[in-house]
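In what follows, a single structure is set out as structure tokens and then discussed.
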Amino acid sequence: MSIPPGSFSGPVQPQTIGSGEPGPAENRDDRAWPHAGSSNVPVGTESVRALVEKPHPLTPLVRAWVLVLAVAWTIGRDLLGRPEGLRLPPLTWVTGGVGAVLVTLLVAAYLDWRATAFVVDHGELRLERGVFTKSSERIRFDRIQSVDITEPFAARLLGLAEVTIDVGAEGGHRMRYLSRARAAAMRDYLLARAHGVRPAEVTRQSTTGVLDDLAAGDEVLVRVPSQRLVVGALLSHEFLLLTVPVGLTIATVIALDPRGSNAALSNPWLLLGAALPALGGLWSFVMRRVIGQWHYAFVRSGPGLKITRGLTSLSSQSVPRHRIQSLRIAQPLWWRRLGYYRVDMSVLGNHGLTTDEDQAGRTSIVLPIGTRAEVDLVLNTIWPGLNLDGIAIEQSPERARWVQPLAQGWVGWGSDGSVLVTRMGWLTRTQHVVPHARVQSVALQQGPLLRRLRLASVAVHTTQALAVNAALHLDAYTARALLFAESRRARDVRLDALFDSAA
């Protein structure tokens, strides 16, 4: 890290631990915090001083940019639209009220900015907030699971970023807003401290650009081109669900009209009025998906992984390998001839499957659209040595065709010494890869119809499932054997890991 967490509004403001007032900036002890290239910092000073980081002064503008833009647009249009030219409006009660509201908002934003501080202590990070009601969120370094950087559209225009700290709780803790360089420095510093690195040994340097967030030692493993994103959007099931109803509606209207196709030819404005909204919706869908995954990069970053994506809003998500609970490999029907796949992950503490690919922040997407070689690279990066082709898949018995007539040749399961693989689906073929060490419980499911067919399904539960991780429609005796075998494998793998850590 080239720069330690510091203060934007002036010099760094250290505090003595346990004191209520910050010490003078000119008396600060720079040896207490890591600087670029420093490796001889006395360890004893690390527990003496605390460092205060203030939000960027433009933070209130970013948080209320929609309101500010609306007020500026209204006032500017009124002033420029007057016949007499650009003149200030007369001072009336309305104008005075609007001015008073704006002044109040500015004062409140300033007070909130003054009352917010991010304090880096010797063993924890404190988020101090509140003007009238004070709050202090304390985050121990050893409890930090991941640190992400998000640049919403308004913040990105001003060169600012938001830091989200995940400690396993839903939502995480947010630091709004820092400059790009400060956010990257804070992220690297917190991740290093979370891995037990002393402040004097933090030398990792990050570079943040307009398109991505890469550090000096980062290795880009997969980069998805924008052309492939467009192809994936056009061949997705969601796109077909938008186009097919519109096409059927237009065809039905033409078929019911006695004049047939001459009705549209004689009145092209009617056809244009019906087509424009549909084309606008399709264009919005494609652009939202492409912009959300623009310049996507899957990166090996130090001991963990990192995913950067987005055009209008840039998201940089750090993904520790040990928090990945399972992977979902999906291949829609129209992607099969092109050999494309999508990979999603279930991460401890995150939400489920991502449906809005333009959302900023955390996402379940590991690979939005990629080739089989890229999928294998992602799998081997997350779990080294994993080879899906080497795992024998046992398909459902032939009598299961009564409950899965279109997916009979695909549904099945398999396992090796490290993972359990289950397959399901027809329109979208999916594979779920669950490490034995992440299995929390296993359940046998058998309804009346499956009991009649002597079939059963085995559901595998992790701490958070993307969807149903299950071996579907197995022979009843095979399902019971899998139930006990998977429970035993999960227990043995966890015991081995426990003994290895103790040794």
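The values are calculated or read from the model by the stated rules, or taken from the named source; none is laboratory data. This structure is a prediction, so every number in the text was calculated from the model and none was measured. Glycine gets a Cβ as well: all are built from the backbone with ideal geometry, and neighbour counts include every protein chain shown.
Observations on the structure shown:
Residue-wise test of (1) within 27 Å of PRO368 (Cβ to Cβ); (2) touching a Lys or Arg at 6+ places or on another chain (Cβ under 7 Å); (3) surrounded by fewer than 18 Cβ atoms within 10 Å (Cβ to Cβ); (4) modelled with pLDDT of 90 or more.
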{"site": "THR243", "(1), (2), (3), (4)": "yes, no, yes, no"}
{"site": "PRO258", "(1), (2), (3), (4)": "no, no, yes, no"}
{"site": "LEU271", "(1), (2), (3), (4)": "no, no, yes, no"}
{"site": "SER284", "(1), (2), (3), (4)": "yes, no, yes, no"}
{"site": "ARG289", "(1), (2), (3), (4)": "yes, no, no, no"}
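- Of all residues in the stretch 279-310, those satisfying the criterion of being out of contact with any strand residue (DSSP E or B) (no Cβ under 9 Å at 6 or more places or on another chain) and in contact (Cβ under 8 Å) with a residue 40 or more places away in the chain are LEU282, PHE285, VAL286, ARG288, VAL290, ILE291, PRO303.
- Taking the criterion of being within 18 Å of VAL197 (Cα to Cα) and not in a strand (DSSP E or B), the residues of the stretch 135-166 that qualify are PHE141, ASP142, ARG143, ILE144, GLN145.
- When restricted to residues that are modelled with pLDDT under 80 and surrounded by 18 or more Cβ atoms within 10 Å (Cβ to Cβ), the stretch 47-60 contains 2.
- Pairs with Cβ under 9 Å, 6+ apart, first in the stretch 229-240 and part of a helix (DSSP H, G or I) and surrounded by 17 or more Cβ atoms within 10 Å (Cβ to Cβ), second basic (Lys, Arg) and at pLDDT 90 or above: GLY232/ARG342
- Residue within the stretch 445-454 that is in contact with a helix residue (DSSP H, G or I) (Cβ under 9 Å, 6 or more places away or on another chain), within 20 Å of SER326 (Cβ to Cβ), surrounded by fewer than 19 Cβ atoms within 10 Å (Cβ to Cβ) and free of Cβ contacts under 8 Å to residues at least 60 places away in the same chain present: yes
- For the stretch 325-348, the candidate set comprises residues that are over 17 Å from the mean Cα position of the chain (by Cα) and in a strand (DSSP E or B); within that set, the residue that is nearest to PRO225 (Cα to Cα) is TYR341.
- HIS322 being over 13 Å from the mean Cα position of the chain (by Cα), farther than 16 Å from LEU229 by Cα and either at pLDDT below 85 or outside any strand (DSSP E or B) (or both): yes
- Total residues in the stretch 135-182, condition of a type outside the set (D, E, K, R) and either within 17 Å of the chain's Cα centre (by Cα) or over 20 Å from ASP212 (Cα atoms) (or both): 23
- Answer residue from the stretch 300-318, given it is buried (at least 22 other Cβ atoms within 10 Å of the Cβ), among the hydrophobic types (A, V, I, L, M, F, W, C) and more than 9 Å from the chain's Cα centre (by Cα) and is farthest from VAL366 (Cα to Cα) among those: LEU314
- Members of the stretch 384-400 found to be farther than 22 Å from GLY339 by Cβ and either in contact (Cβ under 8 Å) with a residue 60 or more places away in the chain or touching an Asp or Glu at 6+ places or on another chain (Cβ under 6 Å) (or both), listed by number: GLU394, SER396, PRO397, ALA400
- Checked against the criterion of being without any contact (Cβ under 8 Å) to a residue 40 or more places away in the chain and hydrophobic (A, V, I, L, M, F, W, C), the candidates VAL493, VAL403, VAL419 yield just one match: VAL419.
- Answer residue from the stretch 89-105, given it is among the hydrophobic types (A, V, I, L, M, F, W, C) and either touching a Ser or Thr at 6+ places or on another chain (Cβ under 7 Å) or surrounded by 13 or more Cβ atoms within 10 Å (Cβ to Cβ) (or both) and is modelled with the highest pLDDT among those: LEU105
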